[in-house]
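A.B. asks: There's a structure below that I have some questions on.
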Amino acid sequence: MKIQIPKKFQSVNKVKLSEKELINFEKIIYNLYQSGKIKFPIHLSSGNEKILIKIFSYIKKNDWVFSSWRNHYHALLHGLDPKKLKHQILNGKSMYISSKKNKFSSSSIAGGSLPIALGVAKSIKLKKQKNKVWVFVGDMTSEMGIFNEVYKYARYNNLPIEFVVEDNGLSVNTNTKKAWGFKKKEYFKDIIYYKYKLKYPHHGIGKWVSF
Amino acid sequence: MTYLRNIQNAMTDISKNKSVLFLGQSVKVPGNLLYKSLINVKNSQKIELPIIEETQMGMALGLSLNGFIPVSCYPRFDFFLLALNQFVNHLDKFEDISSGEFKPFVLTRVLVGSKKTIDAGPQHTQDYSIALKFMLKNTKIIKLKNKNQIIKSYKNALKEKKSTLFIEYSDKY
């Protein structure tokens, strides 16, 4: 399985950013890091531009999006101003990109965003609001107990939340399948899943930088 | 007025704010002292949860991001330890990490288990509030040792809108 997109999802939003614009943004951050101007950890995205543009076409502007430490693409695609995003990155917030206006939040702890996203979904249901919550996790996070708890509670209680599993096969440099000891994985049919190859290292740029 | 009665009145007082929601185990059904403490609060302001301590704390944070004032309740400090990732790494640091974009406001109630009538032993009776104080940057801790401070302390926390951890003592209930 390389991509699983449940049939229920329909494009509701025309994504304005192109693959090239996403790649170029990360190149700018790469260069800033290489020149020693970012003295904080960065986790660059790559290799998933096309599929993310498709997924964000399902996400409405008013929806909440929760991400992890690798969040630049998610933030851009959910409408964060690239200048403001760059400002947050330069100020050491790459792992925690946030925007109240854009209903965007992220956490640098594996699985950290999941229960927070669940709480927002619960609040949406209680307030009878029309929007929903999207939460992006990696393949290793999708194996954690907290993912299991949050997914179960969300579905048993019919909460407005969607889960997207982004599988680069690794958690830092640990192979998810080998570490867990499984060969094949099936996700619940209502989860969006895709496999991709990250072209950057887990963090940084793969080169020694003198600060 | 007894310690329990002060807690009950404090809960009734804060529940007058319609955005306040109590969540945890035994908030709606009998099972521990939390139930007794919330007996005068409307059921519509209570969310009975399964045993999901960490998820409960994260849910409280999420509820607050969309306008609720959650009161996350734990019947024993020993159980609350399971929620510390969301409490210490997230709720306490959320304003800092989000560059001030989000200012979650969550009240947390933790009971220290009783030793007097039945001593429930080392996994049910601990008070880790001193250790926790060293882990927190932004969250206040109030130890409710005196029954006369209870109503005022909860009222002030609601007024100040600052996330606060309240430690209650089962032996005083």
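Any read-out appearing in this document is the output of simple, stated calculations on the displayed coordinates, not a laboratory observation. Since this is a predicted model, take the numbers as computed values, not measurements. Using ideal geometry, Cβ is built from the backbone for each residue, glycine included, and neighbour counts are taken over all protein chains shown.
A.B. asks: Would you confirm, using the coordinates I've provided, whether residue A:183 is farther than 23 Å from residue A:51 by Cβ, free of Cβ contacts under 8 Å to residues at least 60 places away in the same chain and either in contact with a His (Cβ under 7 Å, 6 or more places away or on another chain) or not in a loop (DSSP other than H, G, I, E, B) (or both)?
C.D. replies: It is false that residue A:183 is farther than 23 Å from residue A:51 by Cβ, free of Cβ contacts under 8 Å to residues at least 60 places away in the same chain and either in contact with a His (Cβ under 7 Å, 6 or more places away or on another chain) or not in a loop (DSSP other than H, G, I, E, B) (or both).
One line per residue, one yes/no per condition, for (1) at the interface with chain A (Cβ under 7 Å from one of its Cβ atoms); (2) charged (D, E, K, R); (3) on the phi < 0 side of the Ramachandran plot; (4) free of Cβ contacts under 8 Å to residues at least 12 places away in the same chain:
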site	(1), (2), (3), (4)
B:29	no, no, yes, no
B:34	no, no, yes, no
B:37	no, no, yes, no
B:50	no, no, yes, no
B:54	yes, yes, yes, no
B:59	yes, no, yes, no
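A.B. asks: Please state which one of A:128, A:132, A:86 is more than 9 Å from chain B (Cβ to nearest Cβ), in contact with a strand residue (DSSP E or B) (Cβ under 8 Å, 6 or more places away or on another chain), surrounded by fewer than 22 Cβ atoms within 10 Å (Cβ to Cβ) and among the basic types (Lys, Arg).
C.D. replies: On inspection, the qualifying residue turns out to be A:132.
A.B. asks: Further question: Scan the stretch A:103-125 for residues that are free of Cβ contacts under 8 Å to residues at least 40 places away in the same chain and more than 9 Å from every other protein chain (Cβ to nearest Cβ) and jot them down.
C.D. replies: Answer for the stretch A:103-125, where residues must be free of Cβ contacts under 8 Å to residues at least 40 places away in the same chain and more than 9 Å from every other protein chain (Cβ to nearest Cβ): just A:125.
A.B. asks: Can you tell which of B:22, B:68 is among the aromatic types (Phe, Trp, Tyr), in contact with a Ser or Thr (Cβ under 7 Å, 6 or more places away or on another chain) and touching a residue at least 12 places away in the same chain (Cβ under 8 Å)?
C.D. replies: Answer to the selection: B:68.
A.B. asks: Right, next: Where in the stretch B:64-173 are the strands (runs of 3 or more DSSP E), entirely inside, with at least 1 residues that are in contact with a Gly (Cβ under 9 Å, 6 or more places away or on another chain) and within 14 Å of chain A (Cβ to nearest Cβ)?
C.D. replies: Answer list for the stretch B:64-173: B:69-74.
A.B. asks: Would you confirm whether or not the stretch B:110-126 contains a residue that is buried (at least 20 other Cβ atoms within 10 Å of the Cβ) and within 22 Å of residue B:17 (Cβ to Cβ)?
C.D. replies: Yes, the conditions are met somewhere in the stretch B:110-126.
A.B. asks: Right, something else. As an exercise: evaluate residue A:98 against (1) within 11 Å of chain B (Cβ to nearest Cβ); (2) more than 20 Å from residue A:18 (Cβ to Cβ); (3) touching a residue at least 24 places away in the same chain (Cβ under 8 Å); (4) buried (at least 21 other Cβ atoms within 10 Å of the Cβ) and give the number of the one condition it does not meet.
C.D. replies: Single failed check for residue A:98: (3).
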